[in-house]
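Everything on this sheet refers to the single structure shown next.
The values are calculated or read from the model by the stated rules, or taken from the named source; none is laboratory data. This is a predicted model, so every value here is computed, not measured. Here the Cβ is made from the backbone with ideal geometry for all residues, glycine too, and neighbour counts use every protein chain on show. Note: areas computed on protein heavy atoms with side chains; ligands, DNA, RNA excluded. Shrake-Rupley method; radii C 1.70, N 1.55, O 1.52, S 1.80 Å.
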Amino acid sequence: DVVRGGLVTNSQLLLSCRTGKLTPSQVAKNIIAMLEDCDKSMPPLRAIVQWDREQIMQMAEASTTRYRNKCTLSCLDGIPVCLKEEFKVVPYHHRVGTVYLGTQPETEDATVAKKLREAGAIIIGVSNMHELGTGTTGCNPNRYHKIPRNPYNPNHFTGGSSSGSAAAVAAGLCPVAIGTDGGGSVRIPASFCGVVGLKGTFGRISGHGSLPLSYSTVSVGPICTSVADAAIVYSILAEPDLLYPYGLKQPKATLSDMCAPDLKGLKLGVDWTFFKACDAEVLSACEKAVKHLQSLGASVVEVSLPEMEEARVAHVICILSEMRDFLQPDFNKHFHEMNLETRASLALASQFTALDYIKANRQRTRSMRFLQEIFSTVNCILTPAVPCTAPRIYESDLVTGSSDMSFTVRSMRFMQLGNFTGIPGLVVPIGYSTAGLPISLQVMAKWWDEAVLLRIGLKLEQFRDQTKKPSIYYDILA
């Protein structure tokens, strides 16, 4: 049950296709059979909420022809991927986790969907998400979505809001998924499901064609089985998009020094008081992982992250105010079609004033200045990913949903700084709790320096010498 590198990676799939062991069409047939099985299993996995056999086979057959003719389009050619329902993907419904949006099939792809198609990837469908991205559990009891299950223990949540993306990757349905992250929405589910999650610098990967819920906090990023896969997807998706103004002035994305043999010369910043505010099992695993990075030549430098409580509150004010503003018509017109938790979050957001929002943005400027100073002395900041492991699902959650504000606040503890200031963050699985639930470490770097995250992430992967196979796992190469 315990194997080294237990989840199928992009590279294993590529190797199978290149050597002719398997064709993308055969892999696609396997996936279709597995998607059917997911829907029938008890409880259903609910990772992929919309998929279409003909669409999958059409893309797979085109890729199989390219492999036969030795004219593949990229390292993602023939690789199965899914996208969070927050993105427009032809011909699926752009529901964004609701029952009232996306009444007609989509006719235009989001930029990331378009790029994945151009790279030859096989889009296997759109993945489940927390309704309108308003929570961190992934709990979405409405009729189109239901509760996605954590492949490591189906009685536990996946985390959210990119819940189905993380569950699909962890369960082996695809080695790559795309999510969005406004308050940890890529990194929390990746952590809870024991896979890799990268939140790019704000604006680095185009958000065009995703619902613009919060325009100042949300970044796009991949969820993958390995750091190498995340690097491949990042290198294909990270570039300016004329339809997405926030990332137009970005420097060129590179993977410089990613495969360096060690971490000599790198300074890893840790604010130990901040770092230690987590469960004992999480702390123990994360401290050992930091020692592992030190053993590879990196030095650990104590830093102080100032005004973290102010930044935490300011982030909540910014993201909720922006979502409330954008969703004002929905709140008025579709209030009774929303989940109870969504109604509560948007009602809370309506209590913030313009003065609160202005003060929160002043705090953002302060927090960014503090980080500029910190990154002049260290290459990155290390924290646990989430202070706890994935929470349990209760029977009542299946019917009425889950609204636990104290959990939401706690789960975002190490996430908000990245969303508030726009710096990139990578979470990498490093071990398991005694109950067998995944634990991850987070690495954050200065704006546009995703390359250093991926370099450290590759070494962090070596710390966990074994990968436990989840209790729900599909081998698409079988």
Return the residue satisfying two criteria in turn: it lies in segment 445-455 and is crowded, with 24+ Cβ neighbours inside 10 Å and in contact with a Cys (Cβ under 9 Å, 6 or more places away or on another chain), and of such residues it is nearest to Cys380 (Cα to Cα).
Ala445
For segment 415-428, check the following and say yes or no: at least one residue is out of contact with any Leu (no Cβ under 9 Å at 6 or more places or on another chain) and open to solvent by 20 Å² or more (accessible area, probe 1.4 Å).
no
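Conditions tested, residue by residue: (1) assigned to a loop (DSSP other than H, G, I, E, B); (2) free of Cβ contacts under 8 Å to residues at least 12 places away in the same chain; (3) not β-branched (Val, Ile, Thr).
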site	(1), (2), (3)
Cys388	yes, no, yes
Thr408	no, no, no
Phe420	no, no, yes
Thr434	yes, no, no
Met444	no, no, yes
Trp448	yes, no, yes
Leu454	no, no, yes
Looking only at segment 123-144, which residues are assigned to a loop (DSSP other than H, G, I, E, B) and either open to solvent by 10 Å² or more (accessible area, probe 1.4 Å) or out of contact with any strand residue (DSSP E or B) (no Cβ under 6 Å at 6 or more places or on another chain) (or both)?
His130, Thr134, Gly135, Thr136, Thr137, Gly138, Cys139, Asn140, Pro141, Asn142, Arg143, Tyr144
Could we say that Ala354 is open to solvent by 40 Å² or more (accessible area, probe 1.4 Å), modelled with pLDDT of 95 or more and small (Gly, Ala, Ser) here?
yes
In segment 390-409, which residues are closer than 24 Å to Ala311 by Cβ and either at pLDDT 95 or above or open to solvent by less than 80 Å² (accessible area, probe 1.4 Å) (or both)?
Asp404, Phe407, Thr408, Val409
Filtered residues of segment 76-105 (kept if out of contact with any strand residue (DSSP E or B) (no Cβ under 7 Å at 6 or more places or on another chain) and either over 25 Å from Gln26 (Cβ atoms) or open to solvent by 60 Å² or more (accessible area, probe 1.4 Å) (or both)):
Lys88, His94, Arg95, Val96, Gly97, Thr98, Val99, Tyr100, Leu101, Thr103, Gln104
Inter-residue pairs, beta-carbon under 6 Å, first over 17 Å from Ser74 (Cβ atoms) and in segment 12-33, second open to solvent by 60 Å² or more (accessible area, probe 1.4 Å), 6+ apart
Ser25/Glu61; Ile32/Arg53
Restricting to segment 266-276, name every residue that is open to solvent by less than 70 Å² (accessible area, probe 1.4 Å), outside any strand (DSSP E or B) and of a type outside the set (Phe, Trp, Tyr).
Leu266, Asp271
Mind checking whether some residue in segment 456-466 is of a type in the set (A, V, I, L, M), in contact with a Pro (Cβ under 6 Å, 6 or more places away or on another chain) and either modelled with pLDDT under 95 or crowded, with 20+ Cβ neighbours inside 10 Å (or both)?
no
